[in-house]
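The values are calculated or read from the model by the stated rules, or taken from the named source; none is laboratory data. Since this is a predicted model, take the numbers as computed values, not measurements. Neighbour counts are summed over all protein chains in view; Cβ atoms, including those assigned to glycine, are modelled from backbone coordinates with ideal geometry. Ligands, DNA and RNA are stripped out before the accessible areas are found, and what is left, the full protein with its side chains, is counted by its heavy atoms. Shrake-Rupley method; radii C 1.70, N 1.55, O 1.52, S 1.80 Å.
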Amino acid sequence: MVVSLVVVFVGGLAGSWFYAGKRFAAYESSLFPGQGVRIRSGVLWRKEIWLPIARLQHLDVNQGPLDRNWDMASLVLHTAGTHDHEIAVQGLSPSAAQELREVLMPRQRVQHD
């Protein structure tokens, strides 16, 4: 009985570790300057999101406690529309997230007459 529980536990742990590696390998984000961002993810059910720059409303850089521990950040893209109105680009360094934020939403200078 105990041996079978240990086998199930170790098998579940190994399967979870294997699936997490596959999920990490399947995640991809690409920047197309002046056009938009493409995000691909998924192991069993694959998903591709194309976000044109024209639909961006604002951008947030998020860092949770584990992200801070490993010096990582996520860039959250808020879009116009209702479907997938928040899209996160994960696994960036904090400096890369800030740089990507500046590239996607440059500050517009308003000239007053």
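Numbers below:
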| read-out | value |
| --- | --- |
| Prolate/oblate/rounded call for the stretch 37-96, Cα gyration tensor, a/c under 1.5 rounded | oblate |
| Solvent-accessible area, 1.4 Å probe, carbon plus sulfur percent, for the stretch 1-84 | 64 |
| Accessible heavy-atom area order of SER16, SER74, highest first, probe of 1.4 Å | SER16, SER74 |
| Sparsely packed trypsin sites (Lys or Arg not before Pro) within the stretch 1-102, loop by DSSP, other Cβ within 10 Å at most 15 | ARG46 |
| Relative contact order (percent, whole number), the chain, Cα cutoff 8 Å, 6+ residue spacing | 15 |
| Residue-normalised accessible area of the chain, expressed per residue, 1.4 Å probe, Å² | 78 |
| Cβ-defined net charge surrounding VAL43, 9 Å radius [Lys, Arg +1; Asp, Glu -1] | +3 |
| MRE, 222 nm, helices only [DSSP H, n ≥ 4, -39500 (n - 2.57), over the chain, to nearest 500] | -11500 deg cm²/dmol |
| In degrees, nearest ten, helix 2-26 long axis to first principal axis of the chain (Cα) | 20 |
| Degrees, to the nearest 10: 94-104 long Cα axis against longest axis of the chain | 40 |
